Amino acid sequence: MADQTFTITDNRTGQTFTLPVTDGTIRAMDLRQMKTGPEDFGAMTYDPAFLNTASCRSAITFIDGDRGILRYRGYPIEELAEKCSFLEVAWLLLHGELPTQAELDSWIAEVKHHTMIHETTKKFLTGFRYNAHPMTMFISTVAALSSVYPECKHVLDPAIRRQEIVRLIAKVPTIAAYCYRHQLGFPYVYPDNELSYPENFLNMLWRMAEPKYSANPVLARALDILFILHADHEQNCSTNVMRCVGSSQADPYVSVAAAAAALSGPLHGGANEEVLRMLDEIGSVENVRAYVDKVKSGHGKLMGFGHRVYKNYDPRARIIKWTAEQVFEVTGRNPKLEIALALEKIALEDEYFVKRKLYPNVDFYSGIIYQAMGFDPAMFTVLFAIPRTVGWLAQWQEMIQDPEQKISRPRQVYTGYDARKVVPLAERAPLTMKA
Ligand code: ACO
């Protein structure tokens with residue numbers, strides 16, 4: 001029960017209302033009682049882009065953007081990145097607690113059991129043009145899995161939900177690797193279940209003629225850390241899509257595909273690809289100042305800078321910077337790093353960026369690591385989608401189990417015409433004359 005209230009006076013009618021406050025929020029539906037008359041629909045809130053609206057109650061991920069804090073199920077991201085593997089974190093996000101050794105062993109075995117994709121899905125992938133964007137192939141192929149597992153539509157059955165969650169977590173690296181190989185014209189490499197989750201992914205990406213792929217342990221661990229950092233981020237654009245599409249009881253494959261589509265945009269997960277294009281455009285450290293001035297004068301944005309929630313720093317960016325150093329020990333320094341460091345330095349000291357609280361986000365350095373590891377920028381967002389699939393599924397599961405949730409359906413403020421008559425075709429004026 002709420003023990004705090006807001007008292008609101010509707011100056012249109014002079015009526016006063018007492019609204020309960022729970023966890024610092026009022027219920028938007030409580031505003032509906034504020035009416036100017038019996039015909040009035042009642043008051044609503046107007047919040048384009050959800051700047052100040054909580055759409056759910058969630059116990060999965062906590063972010064304090066002002067203090068630069070990110071925790072999964074209460075555990076700081078820094079500790080999880082240091083002490084856990086990605087599959088341990090996946091279990092944590094889905095189940096609420098870290099696994100015991102026995103739970104982890106059986107979880108890893110369960111995921112490994114589902115790493116293969118059906119041969120017809122492989123054939124489906126081969127139909128894409130040689131130069132198709134990997135994220136487009138990824139989105140479409142994940143959606144196509146829905147046709148392979150028709151039982152997945154029974155989303156209210158916990159056993160089926162669990163089965164599809166495992167399948168998705170197991171298969172997204174395989175799909176991602178096939179998309180990558182397809183682009184290069186290389187044969188697809190089947191999963192090797194003797195390897196760990198990140199090692200097997202590297203195997204499916206890079207194995208050529210050798211009978212057994214052996215991943216560099218530093219690169220495999222770096223990838224695992226990157227997966228942990230990207231696993232969930234509470235109600236961001238793609239997670240909101242996952243919950244929204246899933247709220248209609250659409251199956252988890254098409255819901256994950258929709259979430260991945262949201263992730264692909266340059267303002268969201270697509271930013272890591274854009275960062276590399278931006279660094280290419282800048283070209284050298286000497287050009288950084290001029291580029292920053294161009295952005296300040298309203299031409300474009302610094303990709304990889306700014307965040308809707310973090311207004312101090314993005315804690316993931318700090319861990320990524322550390323991971324980058326480990327990767328460069330193996331791969332050699334990415335020459336783009338010098339440009340990125342110069343850009344970061346100038347931007348962090350510049351009044352324009354300081355005033356707007358714009359700091360490097362997770363995407364600023366992840367692309368530089370991925371490129372040093374040998375990935376083309378077009379693959380970066382797919383690398384983001386693999387771990388985020390876990391977050392989407394944890395949030396989807398929480399949404400389905402939440403008795404307060406219903407089909408997602410916002411309201412609008414209608415700004416169009418009032419009712420009007422259809423003018424006969426011959427009498428209509430062309431659009432240009434109306435403008
Ligand atoms: N470069 C230059 N200026 C910026 C940037 C940027 N990267 N980001 C925001 N600004 C400016 C805006 O123009 C605006 O300035 P104004 O007040 O003079 O109009 C001000 O900072 C506030 O920006 P908003 O757009 O209101 O911030 P919002 O919270 O809506 O957007 C976003 C957040 C989309 C991340 C934005 O900062 C951005 O476009 N960044 C670049 C793309 C990017 O890196 N996206 C990845 C985000 S992390 C993730 O999704 C995984």
Among (1) over 24 Å from A271 (Cβ atoms); (2) modelled with pLDDT under 95 - the single one Q183 does not satisfy: (1)
Single unsatisfied condition, Y178 versus (1) under 19 Å from A378 (Cβ atoms); (2) out of contact with any Leu (no Cβ under 8 Å at 6 or more places or on another chain): (2)
M204 being assigned to a helix (DSSP H, G or I) and either within 23 Å of H113 (Cα to Cα) or in the same structural domain as V172 (by TED's automatic domain parsing) (or both): yes
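Restricting the search to region 124-152, which residues are touching a helix residue (DSSP H, G or I) at 6+ places or on another chain (Cβ under 8 Å) and open to solvent by 70 Å² or more (accessible area, probe 1.4 Å)?
Of everything in region 124-152, those that are touching a helix residue (DSSP H, G or I) at 6+ places or on another chain (Cβ under 8 Å) and open to solvent by 70 Å² or more (accessible area, probe 1.4 Å) turn out to be F124, T126, Y130, N131.
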Single unsatisfied condition, G270 versus (1) away from the ligand (no atom under 13 Å from the Cβ); (2) within 17 Å of the chain's Cα centre (by Cα): (1)
Qualifying residue in region 212-232 (condition: within 12 Å of the ligand (Cβ to nearest atom), touching a Ser or Thr at 6+ places or on another chain (Cβ under 9 Å) and among the acidic types (D, E)): yes
Some residue of region 362-385 being open to solvent by 70 Å² or more (accessible area, probe 1.4 Å), outside any helix (DSSP H, G or I) and not hydrophobic (A, V, I, L, M, F, W, C): yes
Residues (open to solvent by 60 Å² or more (accessible area, probe 1.4 Å) and assigned to a loop (DSSP other than H, G, I, E, B)) located in region 207-225: R207, M208, A209, E210, P211, K212, S214
Considering residues of region 307-334 that are open to solvent by less than 60 Å² (accessible area, probe 1.4 Å) and hydrophobic (A, V, I, L, M, F, W, C) only, the residue farthest from the ligand (Cβ to nearest atom): F328
Candidates L358, L343, L393, L302 - the one that is in contact (Cβ under 8 Å) with a residue 40 or more places away in the chain and in the same structural domain as M204 (by TED's automatic domain parsing): L393
Within region 280-306, considering residues that are away from the ligand (no atom under 13 Å from the Cβ) and open to solvent by less than 20 Å² (accessible area, probe 1.4 Å), the one nearest to T239 (Cα to Cα): I282
Some residue of region 233-256 being more than 28 Å from S146 (Cβ to Cβ), at pLDDT 95 or above and crowded, with 22+ Cβ neighbours inside 10 Å: no
Scan of region 239-267 for residues that are over 10 Å from the mean Cα position of the chain (by Cα), within 11 Å of the ligand (Cβ to nearest atom) and among the hydrophobic types (A, V, I, L, M, F, W, C), ordered by number: L267
Of the criteria (1) of a type outside the set (F, W, Y); (2) over 30 Å from L219 (Cα atoms); (3) outside any loop (DSSP other than H, G, I, E, B); (4) more than 21 Å from the chain's Cα centre (by Cα), which one P403 fails: (3)
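The values are calculated or read from the model by the stated rules, or taken from the named source; none is laboratory data. Model, not experiment: these values are computed from the prediction. For neighbour counting, all protein chains shown are included, and Cβ atoms are generated from backbone atoms with ideal geometry for every residue, glycine included. These accessible areas exclude ligands, DNA and RNA; they are computed on the full protein's heavy atoms, side chains included. Shrake-Rupley method; radii C 1.70, N 1.55, O 1.52, S 1.80 Å.
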